[in-house]
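Here is the structure we will look at, set down as structure tokens.
The values are calculated or read from the model by the stated rules, or taken from the named source; none is laboratory data. Small disclaimer: the values here were computed from a predicted structure and weren't measured. In this analysis, Cβ positions are derived from the backbone assuming ideal geometry, glycine residues included, and neighbour counts consider all displayed protein chains. Areas reflect the complete protein model, heavy atoms only, side chains present, ligands, DNA and RNA absent. Shrake-Rupley method; radii C 1.70, N 1.55, O 1.52, S 1.80 Å.
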Amino acid sequence: IDCGADAGGVRLVVSGLRPYYTLEQMQDRMVVVVCNLKESKFQGVMSFGMVLAAKSADGSKVELLAVPEGSVVGERVKLAGFEGAFPAGLTAARMKKLKAWEAVAPDLRTDEAGVACWKALPLCTAAGTLTADSLVSSPVS
């Protein structure tokens, strides 16, 4: 996945999306990737990131977060309405040490309109908010 020059360029990212998406559906698609996680072995292969998707409560349906048209490859996702300074990006080692992902992940969800949010603050790029096509009030991971 091309994550942009500032995020290390092209990365090998292994996911559990095969049951939900074909290769053709993934090809040239804009996706949201968490890049500052420590690399880890997934399905026997080293993975250098995680693709974000909404998941139904029973796990039977998964939808990649839709990136608004006009977003740029490598653009950092932000929180709409967040008052204050965004911290500098954490390195993968620092993320692991602080268990930052474990602290953030439980509060990532889509709202009743399908907008991806963290603690009710919409996730967005400069072009707009990230959404799930049909999964509302669902966890995002």
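Can you name every residue in the stretch 23-46 that is open to solvent by 90 Å² or more (accessible area, probe 1.4 Å) and more than 22 Å from V140 (Cβ to Cβ)?
Selection gives L23, E24, Q27, D28, K41.
Based on what the data block shows, is L52 closer than 20 Å to S134 by Cβ and modelled with pLDDT of 95 or more?
Answer is yes for this residue.
Just one of the numbered conditions (1) without any contact (Cβ under 8 Å) to a residue 12 or more places away in the chain; (2) open to solvent by 30 Å² or more (accessible area, probe 1.4 Å); (3) among the hydrophobic types (A, V, I, L, M, F, W, C) is not true of A100; which one?
If we test A100 against (1) without any contact (Cβ under 8 Å) to a residue 12 or more places away in the chain; (2) open to solvent by 30 Å² or more (accessible area, probe 1.4 Å); (3) among the hydrophobic types (A, V, I, L, M, F, W, C), just (2) comes out false.
Which one is farthest from the chain's Cα centre (by Cα), of the residues in the stretch 1-15 that are in contact (Cβ under 8 Å) with a residue 40 or more places away in the chain and open to solvent by less than 70 Å² (accessible area, probe 1.4 Å)?
Residue satisfying both the conditions and the ranking: G8.
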